[in-house]
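Written below as structure tokens is the structure these notes are about.
The values are calculated or read from the model by the stated rules, or taken from the named source; none is laboratory data. From a predicted model like this one, the values you see are computed outputs, not experimental measurements. For neighbour counting, all protein chains shown are included, and Cβ atoms are generated from backbone atoms with ideal geometry for every residue, glycine included. When the accessible area is computed, the model is the full protein with side chains, heavy atoms only, and any ligands, DNA or RNA have been set aside. Shrake-Rupley method; radii C 1.70, N 1.55, O 1.52, S 1.80 Å.
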Amino acid sequence: MKEDNETTTTGPAGRRTGGEATLSTESEFRTDKRASGAIGGTPEDGPGTHEGVHSTYEAGRGTHDGGRGRATYEAGRGSGTPPTPAALPERPSASAPLPEHSPAPAPLHGPPAPPDPVLSTEGLPRWLDPVVDAVRTVRGEQLSAFLPPADGGGRQAAVLILLGEGEDGPELLLTERSSSLRAHAGQPSFPGGSLDPADGDPLTTGPLRAALREAEEETGLDPDGVQLFGVLPRLYIPLTRFVVTPVLGWWRAPSPVRAVDPGETARVFSVPVSELTDPAHRAVAVHPRGHEGPAFLVRDALVWGFTAGVIDRMLHFAGWERPWDRGKRVSLDRHA
């Protein structure tokens, strides 16, 4: 994501020109003191509990603004740890409802506009089933205490939560900001950034296109190899006024990735889900101003703030979270 308090605005792990701002702000880190609730506060999970490897949940009914606009849903259940992909058969062919939208008009000059991105669960590996179920049922207030303003205000942005299969099983793609940057140097984050006008409607396919575009710009990945399969409820970051849409993707055909601009991005790396769920790699990050939130110590990186909060909630509602020591504290004096 970008940050407009720099002379040149920056990406989640790098810098781009334009009036864009970063999600890596103090406000994205504001969680409750127990570090066990939603991003920015305690989730209202409804009846049910969420402790242990085989956790389940029932979140009730609700609505959220996702990639199709306003959707209504009923909560389901998720349980179990992320399995080894090779041990499971492929998911039967099935497509999720696609966003309803009008085709993008062709420009008056130049080549036609690219086709709109779509959401599909067809061909996903079975280990992603709990994530798909969670995306369909989770409510915004279960993810964060900060929801988009009722008046529709805010600056639209999107991040890509890209899951793939690596040598150590299911894994998640992250970037790390350059240590030379003035703000949040060295902080890991999802690829992502502000919506451009060309991305389209922020309530339909705009966030999908923005998430893929930003990921390509920052990591060099081939967006044709990414299958988008879900959109989480939009979240709000009060300090920057960003309304962030987390877009989930399956890295169906992995492509080489790199730090496109080393002056902005220190590295692009993947973290196995097994490391994210390992209690030994979990902690509570403590900000110098006293705020606390979930953190992950993985691959020589401390993941905290907005990114850690979203990962924490994803693991929780997919039923992959394992009991971990919330008394383990990590100071952010060097990272904030």
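Can you tell me the accessible area per residue over the range 173-238, all protein chains present, probe 1.4 angstrom, in square angstrom?
28
For the range 250-336, what class follows from the C-alpha gyration tensor (a ≥ b ≥ c being the square roots of its eigenvalues): rounded when a/c is under 1.5, otherwise prolate if a/b is larger than b/c, else oblate?
Because a/c hits 1.5 or more and a/b fails to exceed b/c, the range 250-336 counts as oblate.
What is the range 112-253 by shape, rounded, prolate or oblate, if you read a ≥ b ≥ c off the alpha carbon gyration tensor as root eigenvalues and call it rounded for a/c under 1.5, prolate for a/b larger than b/c, and oblate otherwise?
rounded
With θ set to phi - 60° and the Karplus curve 6.51 cos²θ - 1.76 cosθ + 1.60, what are the ³J(HN,Hα) couplings of the range 279-289 in order, to the nearest whole Hz, using x for Gly and Pro?
x, 5, 9, 10, 7, 9, 7, 10, 6, x, 8
What number, in nm² with one decimal, is the all-direction average of the projected area of the convex hull of the alpha-carbon atoms of the range 169-247?
The Cα convex hull of the range 169-247, projected and averaged over all directions, gives 6.6 nm².
For the range 198-241, compute the orientation-averaged projected area of the C-alpha convex hull (one quarter of its surface), in nm².
The orientation-averaged projected area of the Cα hull of the range 198-241 comes to 4.0 nm².
Decide, for the range 219-285, between rounded, prolate and oblate: order the square roots of the alpha carbon gyration tensor eigenvalues as a ≥ b ≥ c, take rounded if a/c falls under 1.5, and otherwise choose prolate if a/b is larger than b/c, else oblate.
It is rounded, given that a/c, with a ≥ b ≥ c, falls under 1.5.
Give me the accessible area per residue for the range 112-169, probe 1.4 Å, as a whole number in Å².
39
Given the peptides 301-313, 194-206, 223-235, arrange them by the average over their residues of other C-beta atoms within 10 Å, most packed first.
Packing order, densest peptide first, comes out as 301-313, 223-235, 194-206.
When the accessible area of the range 220-324 is split by element with a 1.4 Å probe, what percent falls to carbon and sulfur?
That share works out to 51 percent.
Please give the length that would be gained between Asp151 and Asp300 if that part of the chain were fully extended, namely 0.36 nm times their separation in residues minus their C-alpha to C-alpha distance (nm, one decimal).
Stretched out fully, the Asp151 to Asp300 stretch lengthens by 49.5 nm.
According to a simple spin-label model (label point 7 Å from Cα along Cα-to-Cβ), what is the distance in nm between Ala253 and Asp333?
5.1
Could you tally the net charge around Leu276, taking each other residue with its Cβ under 11 Å from the Cβ of Leu276, Lys/Arg +1 and Asp/Glu -1?
With Lys, Arg at +1 and Asp, Glu at -1, the net is -2.
Peptides 209-219, 122-132: what's the order by average Cβ count within 10 Å, highest mean first?
In descending order of packing, they fall as 209-219, 122-132.
At 0.36 nm per residue, and after removing the present C-alpha to C-alpha distance, how many nm does the segment from Arg136 to Asp168 gain when stretched out fully?
Between Arg136 and Asp168, full extension yields 8.8 nm more.
Give the accessible surface of the range 251-336 per residue, rounded to a whole number of Å², with probe radius 1.4 Å and ligands, DNA and RNA excluded.
40
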